[in-house]
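Take a look at the structure below.
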Amino acid sequence: MKLRTNPAAGLLHDELEARQISAAKAARDMAIPRSRLSDIFNGRKGVSADTALRFERYLGVSAGLLIRLQSEYDLSKVFADKGPQIQREIVPAPKLALAQ
């Protein structure tokens with residue numbers, strides 16, 4: 001199943017909103033371009049490891065959690081977009097025979 005929105009971006013957006021922190025202020029405070037947050041929140045970019053670490057320091061949101069959410073989102077997109085093609089093109093390697 002393809003996730004429609006990036007859960008990592010949604011979590012970060014909601015956390016900033018709950019704390020009444022603008023994206024511009026967060027970007028300044030985290031020493032990143034405002035455009036990076038805009039791209040993440042608008043689905044043009046994912047949450048990188050660098051950005052995840054910055055958010056962990058800034059908001060206390062686990063960088064590992066953000067990376068896992070991003071990875072699951074990326075995998076769901078590829079699975080939906082290319083899964084059937086990969087199923088058709090790739091023949092699985094033979095399984096190892098167990099010695100008896």
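Pairs are defined by a Cβ separation below 8 Å, a sequence spacing of at least 6 or placement on different chains, a first member in the stretch 5-29 that is farther than 26 Å from Ser76 by Cα, and a second member that is surrounded by fewer than 16 Cβ atoms within 10 Å (Cβ to Cβ) and small (Gly, Ala, Ser); the pairs so defined are Ala23/Ser38.
Considering the stretch 25-100, the qualifying helices (runs of 4 or more DSSP H), each wholly inside and each with 1 or more residues that are touching an Asp or Glu at 6+ places or on another chain (Cβ under 6 Å) and surrounded by 11 or more Cβ atoms within 10 Å (Cβ to Cβ), run over 49-59, 63-89.
Filter the stretch 39-70 for residues that are among the polar types (S, T, N, Q) and modelled with pLDDT of 95 or more; which is nearest to Arg4 (Cα to Cα)? Here the answer is Gln70.
The values are calculated or read from the model by the stated rules, or taken from the named source; none is laboratory data. These numbers were taken from a predicted model, which means no experiment stands behind them. Using ideal geometry, Cβ is built from the backbone for each residue, glycine included, and neighbour counts are taken over all protein chains shown.
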